[in-house]
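Here is the structure we will look at, set down as structure tokens.
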Amino acid sequence: MPAFLEIEGNSEENVKEGIKLLGLEKNPTWAKGERILIQDTYNLDWYDMKF
């Protein structure tokens, strides 16, 4: 699983503005939360992960 960056804001527009300011518009985005991203996209068990 590649590294990911979580960007939070008061609204979706704030998040999109932050993405633009960081020059990350061409990168894939995900709005459903990191647990679902890790489970659904990378087929990893969120509850069994160790760091």
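Assorted remarks:
- The chain - convex hull of alpha carbons, volume per residue in Å³: 95 Å³
- Other residues lying with their Cβ under 15 Å from the Cβ of GLU17 contribute a combined charge of -2, Lys and Arg counting +1, Asp and Glu -1.
- 26 Å Cα-Cα reach of LYS50 towards lysines, excluding residues that sit fewer than 8 places from it in its own chain: LYS32
- Simple label model, 7 Å out from Cα along Cβ direction - ASN10 to ASN27, nm: 2.4 nm
- GluC sites (Glu not before Pro) within the chain, DSSP loop, no more than 16 other Cβ atoms inside 10 Å: GLU6, GLU8, GLU25
- Between ALA3 and ILE36, the modelled label-to-label distance comes to 2.6 nm, taking each label 7 Å out from Cα in the direction of the beta carbon.
- The chain: trypsin sites (Lys or Arg not before Pro) in DSSP loop, at most 10 other beta carbons within 10 Å: LYS26, LYS32, LYS50
All of the numbers you see were taken from the coordinates with simple rules; none came from a lab. This one's a predicted model, so the numbers in the text were calculated from it and none came from an experiment. Virtual Cβ from ideal backbone geometry, glycine too; neighbours counted across all protein chains shown.
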